[in-house]
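Each remark here refers to the structure printed beneath this line.
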Amino acid sequence: MMKKKITKIGVLTSGGDSPGMNAAIRAVVRTGIYHGMEVFGIMRGYSGMVEGDIQKMESRSVANIIQRGGTILKTSRSNEFLTAEGRAIAYKNLKQFGIEGLVIIGGDGSFRGAQIFSNEYDIPCIGLPGTIDKDIAGTDFTIGFDTAVNTAVEAIDKIRDTADAHDRLFIIEVMGRDAGYIALHSGISTGAEHILIPERKTSYIDLISSLKEKQGRKKLVNLIVVAEGEEFGGADELAKHIKKQIPNQDLRVCILGHIQRGGAPSCFDRVIASRMGYHAIECFIEGRHNVFIGIVNNKMNYTPLDEAVKKKQRISEEWMKIVKILAT
Ligand code: F6P
């Protein structure tokens, strides 16, 4: 069966913001207009869909935003959209504007919403992975990860200076409720001695004996990078445990927090956001519906939304081996 030609689309950003979302919005709006479509911006993610907070976008609506962090459409996590009633209202609102397809820029939770909605209603959805966590399988990169991890690296480099000046152990907590990619990349690239992530079990006994051994040989700088979702419960809990086991250990905690979500997107994030946004429109033109767009081996990759929500990235044993060998 021939798929209906889509001429009016809505675009929204949902879940935690990530640097590069604006570049993606810009690409969707401008490519859509280039192909003669009408493009509508939906405010605050699915909340704006439920509330009918929708506005037509022109090419100029997205001028001067490619370099900005955050999202001009704003974002939220909508509780109403989780209910069948909320989605029915959202559908009615889309119909009022004549919107026939949606581009959703967000993480796996946002894709889950899109999948449910597109199953219930005849509104094809295209997902673009916008999350600093990089926790979605089917893509090598997510929009915002590169910027976030570089923000973390810049901060950890600074911490290394003061750690070195005082011969101190620092525990640095980075974001990642369910995913350790920011911790892994920022830890490896700053020479951290230990990296603790939710995907891997940490042996706290080994950790303590390794710290004692380093203390014994007066190793100057010791950095532990821990993802917030790590099983021990983050940097503060880990610090308490270490203090208990090694009372004379001079240590400080630094929680990087939301600075990792903000700031100007890196060149890399702007480029992948632009490519993905462009291809979102191509998907509508080709009738490729209900997929999320990723980049794998530098080629566009299309994963059905229902598969995208089930998979998670896996962190191979090799990464952990690299950390161990390089941090001696
Ligand atoms: O965007 C993903 C993420 O950064 C997680 O790593 C983190 O736990 C979460 O968002 C925090 O989100 P919020 O501050 O919006 O609750």
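Under 26 Å of direct C-alpha separation, and excluding same-chain neighbours fewer than eight residues apart, Lys134 reaches these lysines: Lys74, Lys158, Lys201, Lys299, Lys310, Lys311, Lys312, Lys321, Lys324.
Across q = 0.12 Å⁻¹, the chain modelled as identical point scatterers on its alpha-carbon atoms has Debye log10 I(q)/I(0) values of -0.80, in the order of the q list. Beta bridges from DSSP with both residues in the chain: antiparallel share about 25 percent, rounded to the nearest 5. Extension gain, Lys243 to Glu318: 0.36 nm times the residue separation minus the Cα-Cα distance gives 24.0 nm. Near Ile295: Cβ cut-off under 10 Å, other residues only, Lys/Arg at +1 and Asp/Glu at -1. The net charge is +1. For Ile205 and Glu51, a Förster radius of 41 Å and the Cβ-Cβ distance give a FRET efficiency of 0.20, rounded to the nearest 0.05. Spatial offset of the range 52-122 relative to the range 231-246 amounts to 41 Å, using the alpha carbon center of each.
Counted by neighbouring Cβ atoms within 10 Å, the residues Thr83, Thr71, Thr303 run from fewest to most as Thr83, Thr303, Thr71. Net charge in the neighbourhood of Ala264 (other residues with Cβ under 10 Å of its Cβ; Lys, Arg +1, Asp, Glu -1) is +1. In this structure, Asn79 and Glu213 have a Cβ-Cβ separation that, at R0 = 56 Å, corresponds to a calculated FRET efficiency of about 0.70.
Each Lys or Arg adds one and each Asp or Glu subtracts one; over the other residues with Cβ under 12 Å from the Cβ of Val62, this totals +3.
Normalised radius of gyration (Cα atoms, divided by 2.2 N^0.38 Å) for the range 146-261: 0.97.
Compared with the dominant Cα axis of the chain, that is its longest principal axis, helix 317-326 is turned about 40°.
All of the numbers you see were taken from the coordinates with simple rules; none came from a lab. Bear in mind that the values here come from a model prediction, so they are computed numbers and not experimental data. Every residue, glycine as well, gets a Cβ built from its backbone with ideal geometry; the counts of neighbours run over all protein chains shown.
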